[in-house]
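Following: one structure in structure tokens, then a few remarks.
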Amino acid sequence: MRVAVVGATGAVGSTMLGVMRERKFPADEVVPFASDRSVGRVIDYGDQELEVRGLSEEAIQPFDLALFSAGAAVSGEWAPRFAQAGAVVVDNSSRWRMNEGVPLVVSEVNPDDLADHRGIVANPNCSTMQTVVALKPILDAAGIERLVITTMQSVSGTGQRAVEELHDQTRAVIEAAEIPSPAIYPHQIAFNVIPQAGSFPADSDSTDEELKLVNETRKILGRSDIGVSATCTRVPVYTGHSESVN
């Protein structure tokens with residue numbers, strides 16, 4: 001099996017490679033792809049050294065599996081090309097999640113939806129994924145009419161720069177030093193709770209994180225009639241989201 005990992009040098013992509021290595025994923029060849037600034041970088045993969053490649057038409061050789069975690073824009077442009085070349089694409093971005101004909105899958109919840117894929121399979125948002133795993137047994141046993149969800153989302157969901165911002169602000173508070181001005185979030189995140197995770201799309205009074213939670217939950221559970229109210233907050237935790245679900 002030939003596997004491509006697109007976004008291999010990012011926080012999620014590097015974790016993908018780490019999990020594959022630790023679990024001895026049965027790949028004959030693993031090829032990492034990343035942006036131009038990372039091309040040529042060497043990644044340790046067990047007893048192998050993998051050289052990072054850039055995305056180009058020439059680089060899309062036949063792959064069996066392509067794991068994407070490089071953002072919606074990259075997935076929108078390159079995922080169909082890998083799929084057309086014969087790969088099954090598993091995309092971690094938001095680009096394909098709500099597209100008709102693209103299954104949105106959590107393996108513990110709706111694995112049968114994989115049978116209908118046309119080359120691209122979407123991963124849900126992180127907060128959605130942990131929600132539906134808890135909800136599926138309840139749905140099967142008793143049914144669900146409505147959900148009221150509040151998330152407490154860690155800064156890792158925003159990216160490495162957000163993790164660094166929390167670290168720097170926390171250290172400054174503890175050392176009674178001048179607190180660095182926020183660059184990633186609209187307010188200081190250290191020792192604070194920001195009642196907004198994500199941004200507000202045009203003509204919406206919900207953030208994109210809240211809309212993902214609402215729409216993706218319905219699609220994965222196969223129940224467009226479930227009422228979902230979501231409030232997503234950002235909390236000063238490095239990794240790991242928490243939720244209250246009623």
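Calculated on C-alpha atoms, the gyration radius of the chain divided by its Kirkwood radius gives an Rg/Rh of 0.99.
Hydrophobic long helices, here whole DSSP H runs in the chain with Kyte-Doolittle means of at least 0.5 and Cα atoms spread over 24 Å or more along the helix axis, are found at 126-142.
Here the Karplus curve 6.51 cos²θ - 1.76 cosθ + 1.60, taken at θ = phi - 60°, turns the phi angles of the stretch 177-186 into couplings of 9, 5, 7, x, 5, x, 10, 9, 9, x Hz, with x standing for Gly and Pro. In the chain, taking the dipole from charged Cβ atoms about the Cα centre, the farthest positive-side position among Tyr185, Ile149, Leu17 is held by Ile149.
Of all lysines in the structure, the ones whose alpha carbon falls short of 20 Å from that of Lys136, not counting any fewer than 8 places away in one chain, are Lys212, Lys219. You can think of it this way: the chain between Asp47 and Asp140 has 29.0 nm of extra reach, that is 0.36 nm per residue less the Cα-Cα gap. Our estimate of slack between Ala85 and Ala172, defined as 0.36 nm per intervening residue step minus the Cα-Cα distance, is 26.2 nm. What is the magnitude of the charge dipole of the stretch 127-245 about its Cα centre, with +1 placed on the Cβ of each Lys and Arg, -1 on the Cβ of each Asp and Glu, and no other charges, expressed in debye to the nearest 20? It comes to approximately 340 debye.
Bridge orientation summary for the stretch 1-152: considering DSSP beta bridges with both residues in this region, about 20 percent are antiparallel. Rounded to the nearest 500, the 222 nm mean residue ellipticity of the chain from helices alone is -9500 deg cm²/dmol, with -39,500 (n - 2.57) taken per DSSP H run of at least 4 residues. Reducing the stretch 126-149 and the stretch 51-106 to their Cα centroids gives an inter-centroid distance of 28 Å.
Highest mean packing first, where packing is the average number of other Cβ atoms within 10 Å per residue, the peptides 166-178, 147-159 line up as 147-159, 166-178.
Using C-alpha pairs below 8 Å separated by at least 6 residues, the relative contact order for the chain is 17 percent.
FYI, it's all coordinate maths here, none of it is from the lab. Just so it is clear, the model here is predicted, and its values are computed rather than measured. Methodologically, a virtual Cβ is constructed for each residue, glycine included, from the backbone with ideal geometry; neighbour enumeration extends over all protein chains shown.
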